[in-house]
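The values are calculated or read from the model by the stated rules, or taken from the named source; none is laboratory data. What you see is a predicted model, and the numbers here were worked out from it, not measured in a lab. Cβ: placed from backbone, ideal geometry, glycine included. Neighbour counts: every protein chain shown.
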Amino acid sequence: MPLTLAPLDRRFVTVLRWRAAVAALIVLVVCGIGEAILYRQGWPNGIAGAVAIAIALWLVGIAPPRRFVHWGFALDERELHIAHGWLTRVHTIVPIGRVQHIDLTQGPIERGCGVATLVLHTAGTDHSLVTVPGLAREQAEMVRDRIRTAIEASPW
Amino acid sequence: MNEGPRRLHPGTIVLRIVTKAPQQVAGLVALAAATSRSGTEVMFGIVAALMIGAGLFTWIRWRSFTYTIADGALTIADGVLQRKRRSIPFERIQDVSIDQKLLARPFGLARVRIETGGGEADEATLDSVTLSEAARLRAVLRGAVPSVAVDAAAEGPARDVVFAMSPRRVLTMGMFGFSLVWVGLLFAGLNQVGDVIGWNWIDVRDWAGVARQEAMALATPLFAAMAAVVAVLVGAISGVLRTLLVEHGFRLEREGDRLRRVRGLATRTEIVLSLRRVQLALIERGMVSGRLGWAGLRLQTLGGSDDACGRQSVAPFAREDEVARVLAAAGYAPFDPLPLRPVAFGHVLRTGLVRGGLPLIGVIVAMVFLPLAGLALLLVPIPVVLAVLARRRHRYAIVGDTLQVTRGVLSKQVWIVPLARIQAVSVRRSVLQRLLGLATVHVDTAGAKGLGRPNIVDVAIDDAERLAATLLR
């Protein structure tokens, strides 16, 4: 695409970190139980725990910034571009005229970090929901309003 | 155009009792068995009371169901204890389909389904009304005529038959409908039934008339050959029967900007497609029948419809020129494969690696344990050849204002998607694709879930980006 995608709000990394932390906690708990069982059996302990801590560190420390780097977003007069994906890279283009309606959502973590997720509904089946996470609240509202005026103006 | 509340046809009561009878008979038998000790009179009394009760209940349900056409909306009131009213404005009605089940046909009744495009739960069903009332309802709900002009609706605008299938054509189609799935089902079914009626394959072998000991040597290959013949016969016959049941009397008519399709032997279904709501055309050629010049055409429409996944068969078994005629009726240009170009050469590498690579690893691992498994290496060229063919057959181009995509080695598909119907486009690159400099362009359209999307797999990255941009211009 000729146009360059802008990165999302930096605070989105924190959101990703918190979400990863929840997943990491689950991994830690599961491995903690595993560790306890291993200990009872008289097996060498520390293996499951080490693996769990490595996974947790990777999830919380390393993965979020890398995933963040691959998120990109751009809005011009006709289309909304959104790119994401670290291993499989996905670049989605939604013509603004095809947007059926728009939601602005904010989960508890997002609220704490001051970012919001924009959800575009289209009539399609694969992309009936196109989400743009990690926009600053004000920016998300601005984008929503721009899309709304574009929808109203479009003859569709 | 207001009118008072109407009820369904009273014949519905009989129809419902008859359709529910099989379920109730089991219950009645159980009940009769339970009460038989207290004497036949009591037993018959209870059974009769229950039957009358069921009849009465059906009647009350029928009485409580009304539909009203007023103020530009269809209002359906339902429920005995808990009343429920639902109002569907005419402009929200996407499609009105009529079908006639086998039982409903002697009564001259039909079921009307009103589709609102909001999924299954939002659908309204009027089960059942007379055929003429069904036709009137459809005319009124589509806003074609004011509700007063009842007779005008029956005649309707001029129709011309776009495509029809003679019984001979249906039979030919049935021949190609040969499917081993049905054979498998039948054999599985026989196994199940065999346990119940004490008839199984061992007995069949005994019935062959040879003493068991001698039979073992002879009968096993004989039996296998017999089973194969039976399987082929069953497959062919079931294919013909199934096709006959569904496609008998297939007729596609065009009236104004709508296509009307009637088909079916036992259950006659009639659906109407609004051409404005057609999203794409899909031409399919079977493995054998396609090579003999037969093709099927389906149109994908928005919202719910009779078929699964919103793709309506409008010419299930047709020659090239007939497909072109139906396409023309739907406002599409005939398909011309010439301007289409194949996807990148990397497609061969990637399909070869993905399809052939994993089995290859499996074979090599097996060879470690069992050297004979090395014979399977002889099969390796198959995925390679398939990969080469897959790239030759997977072509795409933007022709006029449509995107055209072909795909498929054994059975072939052609998609024709008007650019205006593309809802979103996304370019995906997996790890392997990035190594090979490829990308897949996903084309999202409205109205159909599941497989069979007009996606373009493995084009060069630059081409993919240019294509994505052009698709949405």
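Let's see how each residue does on (1) touching a His at 6+ places or on another chain (Cβ under 6 Å); (2) of a type in the set (Asp, Glu); (3) surrounded by fewer than 12 Cβ atoms within 10 Å (Cβ to Cβ):
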residue	(1), (2), (3)
B:GLU41	no, yes, yes
B:VAL47	no, no, no
B:LEU56	no, no, yes
B:TRP59	no, no, no
B:TYR67	no, no, no
B:ARG86	no, no, no
B:ILE93	no, no, no
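Every test in (1) away from every other protein chain (no Cβ under 14 Å); (2) touching a His at 6+ places or on another chain (Cβ under 6 Å); (3) aliphatic (A, V, I, L, M) is passed by B:ALA387 save one, and that test is (2). Run A:GLU77 past the list (1) within 14 Å of chain B (Cβ to nearest Cβ); (2) surrounded by 16 or more Cβ atoms within 10 Å (Cβ to Cβ); (3) over 27 Å from B:ARG453 (Cα atoms) and report the number of the one that doesn't hold. Single failed check for A:GLU77: (2). Which condition number in (1) within 14 Å of chain A (Cβ to nearest Cβ); (2) touching a residue at least 12 places away in the same chain (Cβ under 8 Å); (3) aliphatic (A, V, I, L, M) is the one that B:LEU435 fails? Every condition holds for B:LEU435 apart from (2). Only one of the listed residues (B:VAL427, B:VAL414) is within 7 Å of chain A (Cβ to nearest Cβ) and within 31 Å of the chain's Cα centre (by Cα). That residue is B:VAL427. Among the conditions (1) farther than 19 Å from B:LEU353 by Cβ; (2) away from chain A (no Cβ under 14 Å), the only one that B:HIS394 does not satisfy is (1).
Among the residues making up segment A:99-156, those that are surrounded by fewer than 20 Cβ atoms within 10 Å (Cβ to Cβ), among the polar types (S, T, N, Q) and part of a strand (DSSP E or B) are A:GLN100, A:THR105, A:THR117, A:THR131. When the residues of segment A:59-98 are filtered to those that are assigned to a loop (DSSP other than H, G, I, E, B) and over 28 Å from B:LEU435 (Cβ atoms), which remaining residue is nearest to the chain's Cα centre (by Cα)? This residue is A:ASP76. Scanning segment B:95-110 for residues that are among the charged types (D, E, K, R) and either in a loop (DSSP other than H, G, I, E, B) or in contact with a His (Cβ under 8 Å, 6 or more places away or on another chain) (or both) yields one hit, B:LYS101. Reported count of residues in segment B:250-267, each being touching a Gly at 6+ places or on another chain (Cβ under 8 Å), closer than 18 Å to B:LEU137 by Cα and either of a type in the set (D, E, K, R) or not in a strand (DSSP E or B) (or both), is 1. Candidates in segment B:365-402 are the residues that are touching a helix residue (DSSP H, G or I) at 6+ places or on another chain (Cβ under 7 Å) and β-branched (Val, Ile, Thr); of these, the one that is modelled with the lowest pLDDT is B:VAL380.
All of B:ALA468, B:ALA446, B:ALA397, B:ALA439 fail the test of being touching a Lys or Arg at 6+ places or on another chain (Cβ under 9 Å), buried (at least 22 other Cβ atoms within 10 Å of the Cβ) and more than 18 Å from B:ALA330 (Cα to Cα), apart from B:ALA439.
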